[in-house]
Amino acid sequence: MPVPVLVLVPETVPVPVPVPATALVPTPAPVPASGGTATPPTPVALFSTFMTNDSSIAQIAAILREEADRLGPGARLPSSREIMRRHNVSPVTVSRAIGQLAAEGRVVTRPGSGAFVTQRTGHAQDAPDLSWQTVALGDRVVDEGPVSVLLGAAPEGVVPLTGGYLRPGLRPDRQLAAAAARAVRRPDAWAMPPLTGLRELRRWFATQAGSDVTEADALVVSGGQAALTHAFRALAAPGTPILVETPTYPGALAAARAAGLRATAVPMDRDGVRPELLAEAFAVTGARVFFCQPTLHNPTGATLPPERREQVLEVARAAGAFVVEDDYARYLTAQPPASLASMDRHGTVVHIVSLTKILSPSMRVAAVIARGPAAHRLRASQLVESFFVARPLQETALEFVGSPAWRRHLTAVHGEIATRRDALAAALAELLPEAEPHLLPAGGMHLWVRLPAEVDETALVEAARRNGVLVSPGRLYYASEPPGPRIRLTHMAAAHLAELREGVRRLAEALAITGK
């Protein structure tokens, strides 16, 4: 298809002339001074003023794409100097046009040699046959689907009632930037850190976990999800069972399955996992690991009371099993209860706590706290997989939690959580009374909502998306069959309370549509 270019004659207006994109021969083209339409000769040259704007870059890139297709794989494109001479364009324009082709995978640049056409020339018939990989890869080991659903961003105009992080206006971005600026000025900011993490940061995490926990018990890792991956690989062999609450965090299910573990569900009530059923599950399966979120459980919001925490530890000790305590929401409530780790005297608990939820999705700093041989295996897992967490990130985290901004941020977030939780509950009661929250948690980001039994959960989630609101389908949270239709609603992702209410209104409309 001809590419429109500009032909410029002194003291005339540029006139669009359709010319073949492959015409790269510098033959003059006569243009009537009166401004009439010129009849381009063949071959045709491209004349223009020095072009550095986006449209000029796009024109040169289009010409070079067709040239690459014509030349074929391995061929060398004309030099930058030759392209500049032929088309009277600037070095910046040529560089950016070639950069576009390189980003598209059409060419590869070799310093001192030029740009060469890659095997991918843009023709469908030239696409490589990668079907052999299906045979070589075998069974799918990692299912990222549930996690990718939870991490998906809401398009423009769509109300997010899903997600697991603070929205931008609630994050301490400026304070984090200031902490990072101070951190990178430290003398050893870019040196290799201790393999287990900065000593001061490990001490801080240990203090947060409980009075009997020491810095020697803490390992700094790259976020809570990485901590789960290390814990499951270190504590259980592939093919063995792992016990999980039901419902439970989908990221934990994905990590367990990726480690080759078989998840067995243990029922909960409004106070969390039921100890008698946990004991039965240990006896029946022979599992040696139990994963739980005893504080502000995701998705239900349940928090284990003190007496039940003791019972869970007793059951695990009797079974000779580990309890992986995911304390993800410790900083999402004004009054967090004592952790299981602080109650443990036998090395039963592997405790995970992270700064990601309370600060930023990019603050991938967490700690795994364990004792004995389990701690050694966790360190080994981290070492062979990623060595250590980048020191500048650790230094930034340490700067922030040691500053007055940390406490101010906690106070602000706790107030916002209460306001938004109540607003979401009120909107549900008014606009969607058919939806019943499991409970009103004392913190966290979510409400777990039970729907009428006749509701098609999948159809509702899709109808809600089409109606401009995103919700999390309940089925993602179950290791076994769901007991009925559920959805998780997040109140910390909407821009403001009015948008939160609008999201519920759109959800109510979607439910009315799917119920017809």
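The numbers here are math on the coordinates, done by the rules we state, and not lab data. Keep in mind that this is a model prediction, so the values were computed, not measured. Cβ coordinates were reconstructed from backbone atoms using ideal geometry, including for glycine residues, and neighbour counts include every protein chain displayed.
How do the peptides 491-503, 182-194 rank, highest first, by the average count of neighbouring beta carbon atoms within 10 Å per residue?
Put in order of decreasing packing, that is 491-503, 182-194.
Using each residue's phi in segment 386-398, evaluate 6.51 cos²θ - 1.76 cosθ + 1.60 at θ = phi - 60° and report the 3J(HN,Hα) Karplus result to the nearest Hz, with x for Gly and Pro.
Result, ordered by residue: 9, 6, 6, 7, 3, 4, x, 5, 4, 5, 5, 4, 5 Hz.
Can you compute the equivalent ellipsoid semi-axes for segment 188-402, i.e. the square root of 5 times each eigenvalue of the Cα gyration tensor, sorted largest first and rounded to whole Å?
27, 18, 15
Taking 0.36 nm per residue of separation and subtracting the Cα-Cα distance, what length does fully extending Gln119 through Ala426 add?
Stretched fully, the Gln119-Ala426 segment lengthens by 104.7 nm.
Using a 7 Å offset from the Cα along the Cα-to-Cβ direction at both Arg70 and Val92, what is the distance between the two label points in nm, to one decimal?
Each label point lies 7 Å from its Cα, and together they span 2.9 nm.
So what is the diffusion coefficient of the chain in µm² per second by Stokes-Einstein at 20 °C and 1.002 mPa s, using a Kirkwood Rh over Cα pairs?
Reported coefficient: 79 µm²/s.
Rank by packing, highest mean first: peptides 203-211, 290-298, 148-156, 354-362, with packing defined as the count of other Cβ atoms within 10 Å averaged across residues.
290-298, 354-362, 203-211, 148-156
Between Ala216 and Ala459, what is the FRET efficiency for a Förster distance of 60 Å, r being their Cβ-Cβ separation, to the nearest 0.05?
0.70
On full extension of the chain, what length is gained from Arg345 through Glu104, given 0.36 nm per residue of separation minus the C-alpha to C-alpha distance?
81.0 nm is the gain from fully extending Arg345 to Glu104.
If we count other beta carbons within 10 Å of each Cβ, what is the order of Ser56, Ser131, fewest first?
Going from least to most buried by this count: Ser131, Ser56.
Mind ranking 388-397, 67-76, 373-382 by how tightly packed they are, going by the mean number of other C-beta atoms within 10 angstrom, highest first?
Packing proxy ranking, top to bottom: 388-397, 373-382, 67-76.
Can you tell me the orientation of helix 54-71 relative to the chain, as the angle in degrees between its alpha-carbon axis and the longest Cα principal axis, to the nearest 10?
80
Rg and Dmax of segment 174-254 over Cα atoms: what are they, in angstrom?
16.7, 48
Among DSSP beta bridges whose residues both lie in the chain, state the antiparallel percentage, nearest 5.
So the antiparallel bridges amount to about 60 percent of the total.
With +1 on the Cβ of every Lys and Arg and -1 on the Cβ of every Asp and Glu, and nothing else charged, how large is the dipole of the chain about its Cα centre, in debye rounded to the nearest 20?
Rounded to the nearest 20 debye, it is 1260 debye.
Let me know the charge dipole size of segment 359-489 about its Cα centre in debye, to the nearest 20, where only the beta-carbon of Lys, Arg (+1) and Asp, Glu (-1) is charged.
Result for segment 359-489 is approximately 680 debye, rounded to the nearest 20.
If only Cα atoms are counted, what is the Rg of segment 347-388, and what is its Dmax, in Å?
Gyration radius and largest Cα-Cα distance of segment 347-388: 11.9, 32 Å.
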